[in-house]
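Comments concern the structure below.
The values are calculated or read from the model by the stated rules, or taken from the named source; none is laboratory data. Model, not experiment: these values are computed from the prediction. Virtual Cβ from ideal backbone geometry, glycine too; neighbours counted across all protein chains shown. Areas reflect the complete protein model, heavy atoms only, side chains present, ligands, DNA and RNA absent. Shrake-Rupley method; radii C 1.70, N 1.55, O 1.52, S 1.80 Å.
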Amino acid sequence: MKKTLLIVMALLLTFLGACSSEETTSTAKSGVSKDKEVQKIIVGTGTQFPNICFLDSNGKLTGYDVELVRQIDEKLPEYEFEFKTMEFSNLLLSLETNKIDFVAHQMEVNDEREEKFLFNKEPYNVFPLQVTVHQDNNDIHSIKDLKGKKAIVSATSNSAVFLEKYNKENNAGIEIVYSGQGADDTKNQIKTGRADATITTPFAVDFLNKQADAQQKVVGEPLLNSKVYFLLRKDETPLQKRIDEALVELKEEGVVSELSKKWLGADYSVGF
């Protein structure tokens, strides 16, 4: 009797072990075991940057940076990315105070950002900045013509950082004002003549002209063709490394190039 009971118990334990093994295998997702919890990553971005991060006609968050982050997320099974949208001027503070884990908003490297934060190492775009004016403006042909003029930019943006530095180093005499509501405020001030110019990208101008009759044009040569990156906190080197690994794969697969062509009108991922 005891021998029979021992045999039954042994068979039961073997059966339960097999079931447990099958459950672990079936619940594992793309190489992540059941025991290893998927880490949620909060990605800070905006809703006011045409073609980059914005709300489409259905209210869906989309754009080049957004869709690229979604592709990176697919490559990293140990992470789950979740977007958190806010005004651009709040992104760096939110990163610093741990409200978000990295920023996806065409972040250009500068000394102040490098001192506080960590950039990933693999660039994913080139950011061409040009002087932009109303389509009927025939007085401004380059940045040199902005002396005594009012230029509107978003605070802490690539455009603002560049223009502030240019103004100071060249004693350029440009009156810099900061937009209160992102692209909409800038668009309205240029269109109504309350501001003379802004500094933005050709793809942003194309989008605003088509979608909102912004009546803008770019003038002069590109002021800057900076590489752009994602921005993380200093202690996030493991996440930085995995993002870079995913980006390399996506470039090799042609995904980054295709996203750039779709959202920006050309392959701005070339040249690096």
On each of the three principal axes of the Cα atoms of the chain, give max minus min coordinate, whole Å, ordered largest first. 103, 37, 33
Contact order relative to length for the chain, counting C-alpha pairs under 8 Å separated by 6 or more residues, stands in percent at 24 percent
Among the aspartates and glutamates, select those whose C-alpha is under 15 Å from the C-alpha of Lys262, and discard any that sit fewer than 8 residues away in the same chain. Asp56, Asp65, Glu67, Asp206
Once you treat every alpha carbon in region 56-140 as an equal point and sum by Debye, what is log10 I(q)/I(0) at q = 0.11, 0.12, 0.16 Å⁻¹? -0.44, -0.51, -0.84
Kirkwood-based shape ratio for region 28-185, expressed as Rg/Rh from alpha carbons: 1.05
By its C-alpha gyration tensor, with a ≥ b ≥ c as the square roots of the eigenvalues, how is region 150-272 shaped: rounded for a/c under 1.5, else prolate for a/b larger than b/c, else oblate? prolate
Determine the per residue accessible area of the chain with all protein chains present and a 1.4 angstrom probe, expressed in square angstrom. 54 Å²
Please identify, among Asp235, Asp56, Asp111, the residue showing maximal mean-square fluctuation in a Gaussian network model of the chain using a 10 angstrom Cα cutoff. Asp111
With only Lys, Arg, Asp and Glu charged, each at its Cβ (+1 for the first two, -1 for the last two), find how big the charge dipole of region 150-231 is about the Cα centre; round to the nearest 20 debye. 40 debye
Rounded to the nearest Å, the spacing of the alpha-carbon centers of region 72-128 and region 184-253 is 14 Å
Within the accessible area of the chain, what % is carbon and sulfur when the probe is 1.4 Å and the other protein chains stay in place? 49 percent
Considering only the chain, what is the antiparallel percent among its DSSP beta bridges, to the nearest 5? 60 percent
Looking at the chain as a GNM with Cα springs under 10 Å, which of Thr62, Thr237, Thr198 has the largest mean-square fluctuation? Thr237
Kirkwood-type radius of region 109-179, with distances r between different C-alpha atoms, in Å: 13.9 Å
